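Novice: Please read through the structure below; I'll follow up with questions.
Each reported figure results from applying straightforward, stated rules to the coordinates on display, with no laboratory input. Bear in mind that the values here come from a model prediction, so they are computed numbers and not experimental data. Here the Cβ positions follow ideal geometry from the backbone for every residue, glycine too, while neighbour counts run over all protein chains shown.
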């Protein structure tokens, strides 16, 4: 049940328990227990909502920042990563293979705020060698969902 | 002036589905539960292979039997899933959908006055194709009490000295019924004893929700007397590509290839290249779609239970077949009223043969959200009917 359960709630975490149990062909109590276990084991880390902010009046600017760092003795990249992810404005931090080390995403109200964060907070941290900031201009697809997709059934209404 | 028309075709009634389609198309904003095709788009990597084939200029006929590479992959697929070995050179023919394979398969096998045994409710093409091939259809009316399986008794009682072919349409459209290995074993004895041949339409084979699908051709002594029909439409969500195939004894495939060669030349080239990709790398997509169908199936069965609507539990295809006999209407009356009052279209069971009377075919090739709304409306509809009684 675990894999199928995860794949359903990955797409829709708001699904009600009863429906979830029916779709999985399981008793509700088993589903509740499994969900609790998944949370305990840290497999389910949170429940988020996918929002297309572009359709609201609220201004949001997102940036992807490439960061090159000097790994620290005994701790590798973990220490510097924790210095970065502890800033609440930082949304994601990934260790990346290739031309740079860390990929940081940041969401702010304006371009200026992002610039301030990079210049004042990020690049002044010890062991940061360089940063490269990319602003997101348009979001097409997020978490496997095509953001502005019009769903239209192209099929004939009745067929054998 | 007399318009030249052939009597066999003019005497055949148009499909009952067509009639219902005309009513539905005039109804605006109706929800449909009436389709017989997947709601998923063809997986992108398969579409891309089709596009790539066009880009490379693969725009010519293939050999009559189909691309060699595709026939090899079909052979691998049957070996992998059913452990049946078909020779790609002589025992496989690629056709324009499974429906072409049904048509030319029957034409290649029957002579006039041979009987073709057709268990119903079933897909609408078998009976007309048998008639057009010059044969006589012999209908077996299947029963809900047997979960719409073909029982050995029903088969034994139907057989006459003229019976030649048995159509075996499982997993079944419209009932969703399946035949498991032990069910097939029981009838295969009778088939062999009476020297029948089987046309096994396994187009929904990959969509089986109770164990894995078993082909009758995989049973002992059955490969040599079975034409196995399958295709890409349902499993890989490729209905519009029009691609199916037949596997069977080389003597029959040879004659089928002749009809195919004269009538069609070859199946669409682009589709054949896409299908190679589907068989090589599409198994994960099939699993993902199958899981989604299975969740919807459970959802519908549960919804019927909650509204006390009589329905046997189907384990195949993407249809449920609830019984509406308690309302004292024909399926066509029920479906028409349901459409007019609740704006939901479902196909009357009678479109699939006499024994479908009193049932409704509901397709779950729709999103759960869609099905939820439809089930609320069905609940409202039958509660109103029950109160009126």
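Novice: Can you put B:296, B:305, A:73 in order, fewest other beta carbons within 10 Å first?
Specialist: Working: B:296 22, B:305 13, A:73 7.
Listing B:296, B:305, A:73 from fewest to most nearby Cβ atoms yields A:73, B:305, B:296.
Novice: Okay, moving on. For the Cα atoms of chain B, what angle does the longest principal axis make with the long axis of helix B:269-281, in degrees from 0 to 90, nearest 10?
Specialist: With both axes taken from Cα atoms, the answer is about 80 degrees.
Novice: Report, in whole Å, the centroid distance computed from the Cα atoms of region B:137-160 and region B:295-333.
Specialist: Cα centroid of region B:137-160 versus Cα centroid of region B:295-333: 22 Å apart.
Novice: In which sequence would B:323, B:129 go, from the one with the fewest C-beta neighbours within 10 Å to the one with the most?
Specialist: On the way: B:323 17, B:129 25.
Lowest count first: B:323, B:129.
Novice: Note down the relative contact order for region B:205-302 as a percent, whole number, built from C-alpha pairs under 8 angstrom at least six residues apart.
Specialist: Working: 75 pairs, mean separation 23.1, N = 98.
After rounding, I find 24 percent.
Novice: Could you put A:70, B:270 in order, starting from the residue whose Cβ has the fewest other Cβ atoms within 10 Å?
Specialist: Ranked by crowding around the Cβ, least crowded first: A:70, B:270.
Novice: Just to confirm the number: angle between the C-alpha axis of helix B:368-388 and the first principal axis of chain B, 0 to 90 degrees, nearest 10?
Specialist: It is inclined by approximately 50 degrees.
Novice: Can I ask one more? Mind checking the log10 I(q)/I(0) for chain B at q = 0.11, 0.14 Å⁻¹? Debye, one equal scatterer per Cα, no solvent, two decimals.
Specialist: -0.80, -1.27
Novice: 7 Å from Cα along Cα→Cβ at both residue B:190 and residue B:373: what's the point-to-point distance in nm?
Specialist: Placing both labels 7 Å along Cα→Cβ, they lie 4.5 nm apart.
Novice: I would also like to ask the following. Report Rg (one decimal) and Dmax (nearest whole number) for chain A, counting Cα atoms only, units Å.
Specialist: When restricted to Cα atoms, chain A yields Rg and Dmax of 20.9, 68 Å.
Novice: What does the helix-only formula give at 222 nm for chain A: each DSSP H stretch with n ≥ 4 adding -39500 (n - 2.57), the total divided by the residues, and the result rounded to the nearest 500 deg cm²/dmol?
Specialist: Dividing the helical sum by the residues of chain A leaves -8000 deg cm²/dmol.
Novice: Based on alpha-carbon centroids, what's the gap between region A:21-100 and region B:246-290 in Å, whole number please?
Specialist: 45
Novice: DSSP beta bridges in the protein assembly as shown, what fraction antiparallel, as a percent rounded to 5?
Specialist: Values: 36 of 56 bridges.
Of all bridge pairs located within the protein assembly as shown, approximately 65 percent are antiparallel.
Novice: Further question on the same structure: For region A:53-138, calculate the relative contact order in percent as a whole number, restricting contacts to Cα pairs under 8 Å that are 6 or more residues apart. Can you show the working numbers first?
Specialist: Numbers: 129 pairs, mean separation 36.7, N = 86.
Computed over region A:53-138, the figure is 43 percent.
Novice: For region A:53-138, what is one quarter of the convex hull surface built on the Cα atoms, given in nm²? Mind showing how you got there, number by number?
Specialist: Details: hull surface 23.2 nm².
Average projection, Cα convex hull of region A:53-138: 5.8 nm².
Novice: I would also like to ask the following. Roughly speaking, what is the centre-to-centre gap between region B:52-90 and region A:111-160 when only Cα atoms are used, to the nearest Å?
Specialist: Going from one Cα centre to the other spans 42 Å.
Novice: Hey, another quick one. Tell me the volume per residue, in Å³, of the convex hull enclosing the alpha carbons of region A:103-160. Don't skip to the end; give the middle numbers.
Specialist: Working: hull volume 7.1 nm³, N = 58.
Convex hull of Cα atoms, per residue: 122 Å³.
Novice: Defining a contact as two alpha carbons under 8 Å apart and six or more residues distant in sequence, what relative contact order in percent does region B:1-138 show?
Specialist: On the way: 83 pairs, mean separation 25.1, N = 138.
Rounded, it is 18 percent for region B:1-138.
Novice: Restricting to bridges with both residues inside region B:59-280, how much of the DSSP beta-bridge set is antiparallel, in percent to the nearest 5? Working shown, then result.
Specialist: On the way: 8 of 25 bridges.
Just about 30 percent of them are antiparallel.
Novice: Something else about it: Regarding region B:100-220, what whole-number volume in Å³ per residue does the convex hull of its Cα atoms give? Write down the numbers at each step before the final one.
Specialist: On the way: hull volume 12.0 nm³, N = 121.
Hull volume over Cα atoms, normalised by residue count, gives 99 Å³.
Novice: For chain B, what is the mean residue ellipticity at 222 nm derived from helices alone (per DSSP H run of n ≥ 4: -39500 (n - 2.57); sum divided by total residues; nearest 500 deg cm²/dmol)? Before the final figure, lay out the partial values.
Specialist: On the way: 13 runs with 166 residues, N = 389.
Counting only the DSSP helices, I get -13500 deg cm²/dmol.
Novice: Related question: In degrees between 0 and 90, to the nearest 10, how far off the longest principal axis of chain B does helix B:97-109 point, with axes built from Cα atoms?
Specialist: 60
Novice: Considering all alpha-carbon pairs of the protein assembly as shown, what whole percent are spaced by more than 32 angstrom? Numbers along the way, then the final one.
Specialist: Details: 82951 of 150426 pairs.
The share of Cα pairs beyond 32 Å in the protein assembly as shown comes to 55 percent.
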